[in-house]
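Enquirer: First the structure, which I've put down as structure tokens, then a few questions once you've had a look.
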Amino acid sequence: IQIWSIFMTGIERFLTALANEKPDRLPCQVHSWMEYYLRTYLNGMDQFQAYDKFGMDPVVYVSPNYIYAEKDMANWQIEHRELGIVDGNDTWIDIIHTPDGDLTHSRSRNEYTRWTINFIIKDEKDFDIWNKYVPLPIKVDWSPVIEAKKKIGDRGIVRASYFDFGQGSPWQSFETMFGMEKLIMMTFDNPDWVEHVMRAILKKKLTAIEAGGKFELDLIETGGGAGSSTVISPDMHKKYCLPYDKIQHRALHNAGTKVVYHLCGGLMPLLETVVENEADALETMTPCDMGGDCDMAKATQRVGDKLCFIGGFDQNKGFENGNPESIREMVYELFKACPDGGYICSPSDHFFFGNPENIQAFADAAKECVY
């Protein structure tokens, strides 16, 4: 052990891992604290208190505020209507009034999460309206991020998504607005239009990045599950994700932040592609038992010298159904699969259930994993 590394702060530990280097010990986080878990298991704590409870270096999720021009908002008037209980869930519809017509989308929510029922873009005409009128920020207020950084000091980092339309990259964002099956079919029926959409969304993302000036976030999440190889083929990913991801990532790097690319399904066929898109890190490294395909040791062998990994921990097997002994073994197994650092241990996505003592065991095991 290098003597200086014994005294690493939390922020040094995370930033060292994100630089794909070896920190003093294994850093760990959760993929954001779900409100349901905080309310049900932790007596309504906030994310700062939850990290403190378990003695974990905090990775807090805080977004900036976006400021829009009044004329742009005047052309994008949202009429919100609550529809009551539909199929057992709270449901609502938003009608967006623009000078060229209305766009509508409806959603539902339960105590855990929310989802889309009716997509905002249903055809090419809808996209033309959206593309013409959706507001873009003219300025970014970083004060919420700065306040969070002051609150945690040198103990951790602040990360978030940055101004997206559903998820972090053009392909994945458009899927949330149009629907996965329709989008895949459109790549066969009208591929030129799909590429037009990707270019248009990327242009808006770049405009928003430019409006942000110097970024205060330590880490930005891009990508999304719709780019996973369990959803689209590697060839489709290379055509509709890679070119746009690379441009966006370069803009984010120029703004002063690091990038983690999110794939929460199949990723093994895409490892080298993520290296090519110039992300600093890849998540969520979801194992087979959770519907992904990640073999952490093999991923390390293939691209571990080029990418930091975040994730890999099976929260269903661990937090929900495990015990402190089994969780310690799971963490150690992941640690051994990444012997040269460049790894942040984390659940392989959001979790809603699990005995808090299992989370404590997770945090404690990570502290034992000294490089």
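The values are calculated or read from the model by the stated rules, or taken from the named source; none is laboratory data. None of the values given here were measured: they were computed from a predicted structure. Cβ placement follows ideal geometry from the backbone for every residue including glycine, while neighbour counts extend to all protein chains displayed. Quick note on the areas: whole protein, heavy atoms, side chains included, nothing else; ligands and nucleic acids left out. Shrake-Rupley method; radii C 1.70, N 1.55, O 1.52, S 1.80 Å.
Enquirer: Has segment 298-307 got any residue that is surrounded by 19 or more Cβ atoms within 10 Å (Cβ to Cβ), within 30 Å of ALA200 (Cα to Cα) and touching a helix residue (DSSP H, G or I) at 6+ places or on another chain (Cβ under 9 Å)?
Expert: Yes; the residues of segment 298-307 include at least one that is surrounded by 19 or more Cβ atoms within 10 Å (Cβ to Cβ), within 30 Å of ALA200 (Cα to Cα) and touching a helix residue (DSSP H, G or I) at 6+ places or on another chain (Cβ under 9 Å).
Enquirer: Of all residues being crowded, with 20+ Cβ neighbours inside 10 Å and not β-branched (Val, Ile, Thr) in segment 321-336, which is farthest from the chain's Cα centre (by Cα)? Just the residue, please. Reasoning before the result, please.
Expert: Within segment 321-336, the first condition is being crowded, with 20+ Cβ neighbours inside 10 Å, and the residues that meet it are 322, 327, 330-331, 334-335.
Those left that are additionally not β-branched (Val, Ile, Thr): 322, 330, 334-335.
Details: GLY322: 25, MET330: 23, LEU334: 21, PHE335: 22 Å.
That would be GLY322.
Enquirer: Go through segment 302-328 and count every residue that is part of a helix (DSSP H, G or I) and closer than 21 Å to LYS22 by Cα. Full working, then the answer.
Expert: Applying the first criterion (part of a helix (DSSP H, G or I)) to segment 302-328 yields 302-303, 316-320, 324-328.
The next check asks that each one be closer than 21 Å to LYS22 by Cα; those that pass are 302-303, 328.
Number of matching residues: 3.
Enquirer: For segment 91-104, give me each residue that is open to solvent by less than 30 Å² (accessible area, probe 1.4 Å), among the β-branched types (Val, Ile, Thr) and free of Cβ contacts under 8 Å to residues at least 24 places away in the same chain.
Expert: Within segment 91-104, the first condition is being open to solvent by less than 30 Å² (accessible area, probe 1.4 Å), and the residues that meet it are 91-92, 94-96, 98, 101, 103.
Filter once more, keeping what is among the β-branched types (Val, Ile, Thr): 91, 95-96, 98.
Of everything in segment 91-104, just one residue is open to solvent by less than 30 Å² (accessible area, probe 1.4 Å), among the β-branched types (Val, Ile, Thr) and free of Cβ contacts under 8 Å to residues at least 24 places away in the same chain, namely ILE95.
Enquirer: Within segment 62-86, how many residues are open to solvent by 50 Å² or more (accessible area, probe 1.4 Å), of a type in the set (Gly, Ala, Ser) and under 21 Å from GLU210 (Cβ atoms)? Show your work before the answer.
Expert: Start the filter on segment 62-86 by keeping residues that are open to solvent by 50 Å² or more (accessible area, probe 1.4 Å), which leaves 63, 65-68, 70-71, 73-75, 77-83, 85-86.
Restricting the remaining residues to those that are of a type in the set (Gly, Ala, Ser) gives 63, 74.
Then keep just the ones that are under 21 Å from GLU210 (Cβ atoms); that gives 63.
Count: 1.
Enquirer: Ok, one more. Which residues, taken from segment 49-105, are farther than 30 Å from ASP126 by Cα, of a type in the set (A, V, I, L, M) and in contact with a strand residue (DSSP E or B) (Cβ under 9 Å, 6 or more places away or on another chain)?
Expert: Selection gives MET56, VAL59, VAL60, VAL62.
Enquirer: Checking ASP340 against (1) among the charged types (D, E, K, R); (2) closer than 18 Å to GLU368 by Cα; (3) open to solvent by less than 30 Å² (accessible area, probe 1.4 Å), which test does it fail?
Expert: Single failed check for ASP340: (3).
Enquirer: Count, please, the residues in segment 329-370 that happen to be in a helix (DSSP H, G or I) and among the hydroxyl-bearing types (Ser, Thr, Tyr).
Expert: In the first step, residues of segment 329-370 are kept if they are in a helix (DSSP H, G or I); the result is 329-337, 356-368.
From what's left, among the hydroxyl-bearing types (Ser, Thr, Tyr): 332.
Here the count works out to 1.
Enquirer: Could you please give the count of residues in segment 15-45 that are in a loop (DSSP other than H, G, I, E, B), open to solvent by 60 Å² or more (accessible area, probe 1.4 Å) and farther than 30 Å from THR300 by Cα? Walk me through it before giving the result.
Expert: Initially, segment 15-45 is screened for residues in a loop (DSSP other than H, G, I, E, B), giving 19-24, 26-27, 29-34, 42-45.
Then keep just the ones that are open to solvent by 60 Å² or more (accessible area, probe 1.4 Å); that gives 21-22, 43.
From what is left, the residues that are farther than 30 Å from THR300 by Cα are 43.
Here the count works out to 1.
Enquirer: Please verify whether segment 75-84 includes one or more residues that are outside any helix (DSSP H, G or I), within 25 Å of ALA366 (Cα to Cα) and modelled with pLDDT of 95 or more. Break it down into steps so the answer makes sense when it comes.
Expert: Applying the first criterion (outside any helix (DSSP H, G or I)) to segment 75-84 yields 75-84.
After this cut, where a residue has to be within 25 Å of ALA366 (Cα to Cα) as well, the list is none.
No - not one qualifying residue is present in segment 75-84.
Enquirer: Inspect segment 29-36 for any residue being closer than 21 Å to PHE163 by Cβ, touching a Phe, Trp or Tyr at 6+ places or on another chain (Cβ under 9 Å) and touching a residue at least 12 places away in the same chain (Cβ under 8 Å) and give the result as yes or no. Talk me through it step by step, then tell me what you get.
Expert: Initially, segment 29-36 is screened for residues closer than 21 Å to PHE163 by Cβ, giving 31-32.
Imposing the further condition that a residue be touching a Phe, Trp or Tyr at 6+ places or on another chain (Cβ under 9 Å) reduces the set to 31-32.
Still in the running and touching a residue at least 12 places away in the same chain (Cβ under 8 Å): 31-32.
So far as segment 29-36 goes, yes, one or more of its residues are closer than 21 Å to PHE163 by Cβ, touching a Phe, Trp or Tyr at 6+ places or on another chain (Cβ under 9 Å) and touching a residue at least 12 places away in the same chain (Cβ under 8 Å).
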